[in-house]
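Single-structure report; data block below.
Read the figures in this text as sums done on the coordinates, not as results from a lab. All values derive from a computational prediction rather than experimental measurement. With ideal geometry, Cβ positions are generated from the backbone for all residues, glycine too; neighbour counts draw on all protein chains shown.
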Amino acid sequence: MRGLFFKIFVIFWIAQSLIFIISTALIVQHRFPRPDVLMDSLFSSLRNQARERVDAFEAGGCGSLKTYAATHGQTIALTGAAGSNLCPGVPDLAGGSRDGIQFQDHIVGRQMGQQYVWSVPVTSATNKNYVFLLARPNAPEGHGPNPDFLRFAFPQLPVAIAVGGATTFALVLLFTRPLVKLRRAARELAQGNLRTRVAEPASKSRFFRGDEFQALVHDFNHMADRLESLVGAQQLLLRDVSHELRSPLARLNVALELAREDADPDSEIETHLGRIERETERLSKLIGQLLTLSSMEAMNQVDNLGPVLLNEMIHQMIPDAGYEARQRQCTISFHAGAECIILGKSELLYRAIENILRNAIRYTEESSEVEIRLSAEPEEKGGVAVLEISDRGPGIPESELRSIFQPFYRVDRARSAGTGGFGVGLAIAERAVKLHHGELRAYNRAGGGTTVRLQLPLIEGSDNHGQGLRTANPAG
Amino acid sequence: MEDVLLIDDDVELCSMLRDYLEKYGFRVSAIHRGDMGLKAALERRYSLVLLDVMLPGIDGFEILRKLRADSALNVLMLTARGDDVDRIVGLEIGADDYLPKPFNPRELLARMRAILRRTAAAGTPNGHTLLRVDDLELDAAARTVIQNGRNVELTGVEFALLEVLMHSPGKVIAREELAEEILGRKFNPLDRSLDMHLSRLRKKLAEGSSHEDRVKTIRGAGYQLTIHRNLAEAKE
């Protein structure tokens, strides 16, 4: 979301700043008059001044002119129309470089050394012609950008850019905040937490209530409601059906046993009854698993957590699983790279790991090896225990690797019919791992087979240094 | 003939179970309501009560709680399969054992026999009936436990557990061994029955003693009865 935030922010800010800069430039250009208008007023003011000074000269001589120049801090001089130096004042002119100054019938300004000299032709009241000279020191000419522009833009433009930045920031927040919240909620929802909702702002102000984001939040929540109720209904149905099947199954079990008591143990009836019993047992198991799954799905968190030593748990599991493995001429090997203690509920974890292990034994090729590897890995948020259970089975198509944790999901229905599983075990395992804030993933091994990787957060301070390999091989 | 009380609202199941159990020498009285079941259990002395959880009237847990208030009657809970909470609550209240429904009747028979065997074994004097460890005194023949002169009321499983532990105080007894001896079945890590029974036993022993914990759990190994003063095991 940083991406969108910065993109919108930068683009808007640049756009706003450009608008300010360009409009300031335009204003500056239009505010000041065109050069000819400027010159007209300058010339008329020069002429007025020149006439006044000439009148003063005629009345009081050079003295009055000098007094005026001193009081106004100006450098002025007066020459006759022929160039006679009547009243020197401009030093350079006194020095004889008077050649350039000739009576002209229009005002001339020119650069002379360090000064800029205006020569103004004047006709006095007595009808004599003079040239009035006004020298000004060279104004430091600004180079580069128009100095007027800078002077005009100085306080306003930075303020405008800052205000523009702040408002853009607020605007972008207004856009991205709800998006960030929505995205987080969508991700939660995708992870199966169907209770996720996006908080609708409590402010009842009309300003916020009506916008499209609020509508989107509202729709999102509506969608989540619907999703939750649908999934809930499905789970409830599964649970209720399983629940209701228990009583007839209990009766079936007893009736079957009574029938076996009465049947002749050597007759064919007995073998049929044995078959019925096996199927009944499978049915009972399936219902048990379904009910376990649905009760776990109703759980949001596990209580009564305790420290669980995974190494010990796996050692407990191996003899039983090894019995199943031996029937398929398979072996189980356990490589423990570390002592992994995690905080959890041992029954749930046991069931999860056992289901994964049994699944591996069920699908591995005959006379192959099922490997269990336990190790500890450091992560940003403390260490994690990593348990990998690998088989040498047919593998799983890449596109279906994530689906195998859904209840009743079978990769190959024809092939797995004889394997004896229901497709609920891995779903139970996944739920248990989720309840422990862990992760469960499957991937295909090089050389055939599947690895299920289980990752659980370690208790802080648990010993996660390698302790050498310990291998148990009970089925070998 | 052992008298067994079956409290379950499934009338048909009750009648079939009665047929089945009678073949194995049990006399079964079936009651289909919770409140009436409790009354029956308190009125007559049954050797075993098979108790369902979901019952009209009052539920199985409530019956068990009321029974346990003043009786060490053997109770086997028929819990709902897939519902771990039921099982744990049942054991916490003090059921001797549990069986998830639907069950295999042979399994039920085995569990009933295991419970009754425990009671019977405790009743027959077999050499040394009086065990003494610290302030604890267990009389196997009279089925009584006395702690600091105070009588401790124990259920059948708890009594059997304490007896095994008191036979070898200070020694760690493996869970597997205890499971086979006490519950009559193989140890299953998913089955928390032993832990439950032991925690109840621990609580009862802690009531009359200043020692913090008489029965210690040794992680990954088993259980141990701790000795505080010098060991005094009397044989008679």
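So the values come out like this:
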| quantity | calculated |
| --- | --- |
| All aspartates and glutamates inside 18 Å of B:K39 as judged from Cα atoms, apart from same-chain residues fewer than 8 positions distant | B:D3, B:D8, B:D9, B:D52, B:D59, B:E62, B:D70 |
| Test item: A:256-265 mean partner chain Cβ contacts at 10 Å | 3 |
| Estimated [θ] at 222 nm from DSSP helical runs (n ≥ 4, -39500 (n - 2.57)) normalised by residues in the protein assembly as shown, nearest 500 | -16500 deg cm²/dmol |
| Cα long-axis angle, helix B:34-43 against chain B (0 to 90 degrees, to the nearest 10) | 50 degrees |
| Which of A:H315, A:H218 has the fewest Cβ neighbours within 10 Å, and the rest in rising order | A:H218, A:H315 |
| Euclidean distance between Cα centres, the stretch A:214-278 to the stretch B:72-100, Å | 21 Å |
| Anisotropy class of the stretch B:2-122 from Cα gyration tensor, a/c 1.5 cut | rounded |
| Antiparallel DSSP beta bridges within the protein assembly as shown, as percent of all bridges there, nearest 5 | 75 percent |
| Which of A:V120, A:V172 has the fewest Cβ neighbours within 10 Å, and the rest in rising order | A:V172, A:V120 |
| Anchor A:K66: lysines whose Cα lies under 22 Å away (excluding residues fewer than 8 positions away in-chain) | A:K128 |
| Exposure proxy order (Cβ contacts within 10 Å, fewest to most) of B:D86, B:D213, A:D391, B:D59 | B:D213, B:D59, B:D86, A:D391 |
| The stretch A:306-472 - share of DSSP beta bridges that are antiparallel (%, nearest 5) | 80 percent |
| Peptide B:191-204 - average C-beta neighbours from other chains (10 Å radius) | 0 |
| Percent of beta bridges antiparallel (DSSP, the stretch B:2-122, rounded to nearest 5) | 0 percent |
| Overall form of the stretch A:280-366 per C-alpha gyration tensor (a/c, 1.5; a/b vs b/c) | oblate |
| Shielding by partners, peptide B:10-17 (average Cβ within 10 angstrom, other chains) | 5 |
| Lysines whose Cα lies under 16 Å from that of A:K434, excluding same-chain neighbours fewer than 8 positions away | A:K345 |
